Amino acid sequence: MPQSRAIAIFTDLDGTLLDHDTYSWTDARPALDRLKQLSIPLIAVSSKTLAELEHINQTSGLFDGLIGENGGVIALNGNVEQYGPASETVDRTREEIKSAVTVPVESFRTVSQEIIATETGLPLEDAIRAGQRHCSDPLIWQPAAKDIALARKIAEKHDLTLVKGGRFHTLCGPSSKGQAMRRMVERLSVTWLEDAPENKRQQRFTTIALGDSPNDIPMLAEADYAVQIPSKHDKRTVAMLDHPNLRIAPRPGPAGWNKAVNDILDQIIGPDPNTNKNSEVLHG
Ligand SMILES: [Mg+2]
């Protein structure tokens, strides 16, 4: 059944759709099935590379579009668009940092796949995919505070930023998950709404975004409905942003994802008839 109203869902992966520890999305299965049934596009939005996201999608078939490297690169229907900085800019900036700081500097773009595997703790196959970067480059270095400050200044000069993730300082563009989401909505509007009946073509996408970390805030801020997924290990949850339609999911990970998506769809398009079968039987 095609949806009668244009809705698109944007989701972070780790700790949001995927369980923080097991990477399973099983608990989100009912809502995921409902999206497929309603032809609602689901877009993965992640700091992972496109190669990593494509690999996940080959085995799961969950996503209609992919946004990788924190918004720097977008893939829809086989077309890849790079919005982040050119790799030459990233390389030139990294080389300038390398000659300015006092510690040795290597990066995912300069070392072998085996070294990426060692540095990340990933199996070689996964390390190869993590190394296929379009527009961001995690540095491999042991910086002092003054090296970080200097590197930040050099990055800024080239219109780049140095972002501290879990383990690495990553050299990347000023693009964010929010900007990439806006661009993806424009592209979805062309491909999805083209096929819609004429009277539906003028409508805009209603967007739902789900995330669990500070780098998801620009994406949540852009969405009509924002869902903050609480942390599995930190019991206190504080709203990450002010948003008129923010809800904090009742549970962490895919179970909270499932409940939040189903509740919002119930609110926008009405309850799922499949979940009401039992009561119909009772009253029938
Ligand atoms: Mg996350």
Next on the checklist: Just to verify a result, which residue in region 233-251, among those that are within 16 Å of the ligand (Cβ to nearest atom), outside any strand (DSSP E or B) and out of contact with any helix residue (DSSP H, G or I) (no Cβ under 6 Å at 6 or more places or on another chain), is nearest to Asn262 (Cα to Cα)?
Outcome noted: Arg251
Checklist entry - Could you say whether any residue in region 24-39 is touching an Asp or Glu at 6+ places or on another chain (Cβ under 6 Å), farther than 19 Å from Met184 by Cβ and within 16 Å of the ligand (Cβ to nearest atom)? => result no
Checklist entry - Taking helices (runs of 4 or more DSSP H) that fall entirely within region 129-223, which contain at least 2 residues that are within 18 Å of the chain's Cα centre (by Cα)? => result 177-194, 217-222
Checklist entry - Any residue in region 1-12 that is hydrophobic (A, V, I, L, M, F, W, C) and within 16 Å of the ligand (Cβ to nearest atom)? => result yes
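Evaluate the following for His55: is it closer than 22 Å to Ala117 by Cα, out of contact with any Leu (no Cβ under 9 Å at 6 or more places or on another chain) and more than 16 Å from the ligand (Cβ to nearest atom)?
Taking the combined requirement at face value, the residue satisfies it.
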Checklist entry - How many residues are away from the ligand (no atom under 14 Å from the Cβ) and at pLDDT 80 or above if we restrict to region 192-230? => result 11
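The values are calculated or read from the model by the stated rules, or taken from the named source; none is laboratory data. What you see is a predicted model, and the numbers here were worked out from it, not measured in a lab. Positions of Cβ are generated from backbone atoms using ideal geometry, with glycine treated the same way; all protein chains shown enter the neighbour counts.
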